[in-house]
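These notes are about the structure you will find just below.
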Amino acid sequence: MSNANNSTWPILCLYQSSLLCLQFFQSSFSLSPSSLCLSLTSLFPPFFPERAQLYQQYNEAAQNLEILSQSGSAAHPLPEDSTQSSAPSPPPARRPLPPLPHILHPHSLFHTSSTASTKSLPLPEPPRSEGRPSSPRLSTSFTQSPTLWRDLPGVRNNAELEELTEDQRRLQEVQFEVVTSEASYCRSLDIVVEHFVKSKQLGALLTSQDRNWLFSRLADVRAISHSFLSKLEERVESDMMHFTVCDIIVQHCPRFRKVYVPYLTNQSYQDGTYQRLMNENPGFKRIVEKLERNPVCERLPFRSFLVLPFQRITRIKLLVQNIVKRTTPGTLEATHAIKAMKLLEKLIQESNDSISQMKNIEDLVSLNAKVDFECKTLPLVSQSRRLIREGPVTELMDFSLKDTERNAYLHLFNDFLLVSLQKEGGRFTVVDHSPVSELRVENCRVKLHTLQKNLFRLHMAHKSLLLRSDTQTDKLRWISALSRPHPEVDFSAAQGKQFVLV
């Protein structure tokens, strides 16, 4: 019998003993199954340790270790492979999260379109609640407290452990952290889905749209994560001394993408909805605070559960980067690790791009509601349009006119420029616009004795404007932005120069 099987022998003996105890108690005292479970817990306390660590606690501990490692503190050296504490840490006191900025909610079609492609994704059935671990296998034991790979009975009692080099041991520790942290992550996801998402009291206060914005695809994220954890556990059980995880990560990256990209893109809607409901709906605030006081949350706020997917996807990438550093170049394990790292980086970049695109659309929707056109109307909302630069300038008029100058406002997009007059209440009246391809900008050199400084001339297809900015730096930045894709102005070199008006 292998060492791995030997390590499970005490568990099998305990299971058989438990069955005998069940029969004895049931025949002697006529106890119900639920009462029998409580009796077993009291009979065998060493084999029923504390509940699994929440992912928020793991993530905070990991970040603290990184800070200590980067500070290079010699007074309290830490072993390089001890990325987790061997003893469970007490739940931290609840700390308020920083306030959220006000987020505009544009039309719901932008949200639904970003997630429509994921509806056909086959998802595994989410696990039942009752506080059970995601799997009756390894996660039952090693997620009860932060555990190191070398502390597993099947590893600690294995003679092969002494034959491994220090680098090989550290590699296994990092790979094992992928598994243990995923187990903590799944437990936290179970809590937010079962305790908050499925709360009837909370659901009764939410509209369908608010529910979509607030919870997004949390249930789908949980289903994918449990499937991922199950594969990781199977791998560890198959070869506890030499297991690998990166090929499993590679296999799951397409499924990660289908749930994580929509969830991360939804962040602004989620944050804005949460803040609005907390400020404007006393019933929502009361129920959330009531749910947060439940011991299952371990004094962690609701919002800390909502941001779990953001924290997890970046943490997995960091763990895979550490695996890449410790694998032997040219091996199959190294190939899988590098591929996993690149796929995770691509997923994160795609999420960032999607978030940026959504933010651009929000800005365009907001601006479109604030502008009126004196000239030909230009449809502003476009998925391909993004704002490059905006700000006030002074337009110098013909000196024969009564008013020799007026305040103007420029909105420079990647494809169009809007020239507007700013009105009260933050509104704009667009007096002119031009495609970027037809723009040409000219720097006006300044005489030392003139009062007119920071001037530049903007040439459009049908007219030219003489503009003045508040500072020379602002002028140079406008020239640089309007000159694209020409080389940008070297601000540091241009700052000390004097210009002559021609």
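Couple of notes before you dig in:
- Near pairs, Cβ below 7 angstrom, 6+ apart or cross-chain, from the stretch 57-69 (not assigned by TED's automatic domain parsing to the domain that holds Ile191) to any residue that is among the hydroxyl-bearing types (Ser, Thr, Tyr) and surrounded by 15 or more Cβ atoms within 10 Å (Cβ to Cβ): Tyr58/Ser181; Tyr58/Ser184; Ala61/Ser85; Ala62/Thr83; Leu65/Thr83
- Checked against the criterion of being of a type in the set (Asp, Glu) and not in a helix (DSSP H, G or I), the stretch 243-261 contains not a single residue that satisfies it.
- The stretch 160-203, subset polar (S, T, N, Q) and closer than 21 Å to Asp247 by Cβ, residue farthest from the chain's Cα centre (by Cα): Gln168
- Count of residues meeting criterion [out of contact with any helix residue (DSSP H, G or I) (no Cβ under 7 Å at 6 or more places or on another chain), in a loop (DSSP other than H, G, I, E, B) and at pLDDT below 50] in the stretch 451-494: 3
- Subset of the stretch 421-434 [free of Cβ contacts under 8 Å to residues at least 24 places away in the same chain and either loosely packed, with under 13 Cβ neighbours inside 10 Å or of a type in the set (A, V, I, L, M) (or both)]: Leu421, Glu424, Gly425
- Members of the stretch 284-300 found to be surrounded by 13 or more Cβ atoms within 10 Å (Cβ to Cβ) and in a helix (DSSP H, G or I), listed by number: Phe284, Lys285, Ile287, Val288, Leu291, Glu292, Val296, Cys297
- The residue list Phe228, Phe176, Phe196 contains one member that is of a type in the set (A, V, I, L, M, F, W, C), within 22 Å of Tyr269 (Cβ to Cβ) and part of a helix (DSSP H, G or I), which is Phe196.
- Enumeration of residues in the stretch 435-445 that are over 44 Å from the mean Cα position of the chain (by Cα) and either at pLDDT 90 or above or buried (at least 18 other Cβ atoms within 10 Å of the Cβ) (or both): Cys444
- Against the numbered list (1) surrounded by 19 or more Cβ atoms within 10 Å (Cβ to Cβ); (2) under 26 Å from Pro329 (Cβ atoms); (3) β-branched (Val, Ile, Thr), Thr165 comes up short only at (1).
- Boolean, Arg303 is touching a helix residue (DSSP H, G or I) at 6+ places or on another chain (Cβ under 6 Å), assigned by TED's automatic domain parsing to the domain that holds Glu173 and surrounded by 17 or more Cβ atoms within 10 Å (Cβ to Cβ): no
- Scope the stretch 231-277; condition surrounded by fewer than 19 Cβ atoms within 10 Å (Cβ to Cβ) and of a type in the set (Asp, Glu); matching residues: Glu234, Glu237, Asp239, Asp247
- Any hit, the stretch 148-160, residues being in a loop (DSSP other than H, G, I, E, B) and touching an Asp or Glu at 6+ places or on another chain (Cβ under 9 Å): yes
The values are calculated or read from the model by the stated rules, or taken from the named source; none is laboratory data. Because the structure is predicted, anything quoted here is derived from the model rather than measured. Methodologically, a virtual Cβ is constructed for each residue, glycine included, from the backbone with ideal geometry; neighbour enumeration extends over all protein chains shown.
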